[in-house]
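Heads up: the structure comes next, in structure tokens.
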Amino acid sequence: MKIFKTLIEGKNCYTNIDGSIRRLGFFTTRIACGIDPTQAEEKIRQQLDQELRSKILNNPDDPPEINFGKFIEIDSANAQSIALTGCTWYPQDSSDQT
């Protein structure tokens, strides 16, 4: 199996991080093993969904937007230096349409 790394950006995430529900975005870097980037992406989507399930409060008709960057094959030594969980959150202005 190969190891792949990708940068992920989430947008339109209604969350309660600091005691108030706000629309936030996030960045995170993730890794996964797979025979190809498609298989790695599926694994990362499942893991991210489980991790964020209790944090994201969006209505089903207004889901968050999750964007994956390019998948890069890395070796196991580089993979060990990447955190397997956590996100860096940033505020999204309600008028932001990007």
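Residue-level check: of (1) surrounded by 11 or more Cβ atoms within 10 Å (Cβ to Cβ); (2) touching a residue at least 12 places away in the same chain (Cβ under 8 Å), residue 42 misses just (2). Filtering region 4-18 to residues that are in a strand (DSSP E or B) and charged (D, E, K, R) leaves 5, 9, 11.
Looking only at region 50-62, filter to residues that are at pLDDT below 95 and of a type in the set (D, E, K, R); which one of those is surrounded by the fewest Cβ atoms within 10 Å (Cβ to Cβ)? Here the answer is 53. Residues of region 11-39 that are hydrophobic (A, V, I, L, M, F, W, C) and either under 16 Å from residue 65 (Cβ atoms) or free of Cβ contacts under 8 Å to residues at least 40 places away in the same chain (or both): 13, 21, 24, 26, 27, 32, 33, 35. Filtered by the rule that a residue be part of a helix (DSSP H, G or I) and loosely packed, with under 15 Cβ neighbours inside 10 Å, region 29-38 gives a lone residue, 38. Candidates 4, 26: the one that is of a type outside the set (Gly, Ala, Ser), at pLDDT 95 or above, crowded, with 17+ Cβ neighbours inside 10 Å and touching a Pro at 6+ places or on another chain (Cβ under 7 Å) is 4.
The values are calculated or read from the model by the stated rules, or taken from the named source; none is laboratory data. The structure presented is a predicted model; accordingly, all values stated were derived computationally and were not measured. Quick reminder, even Gly has a Cβ in these numbers, built from the backbone with ideal geometry, and neighbours come from all protein chains shown.
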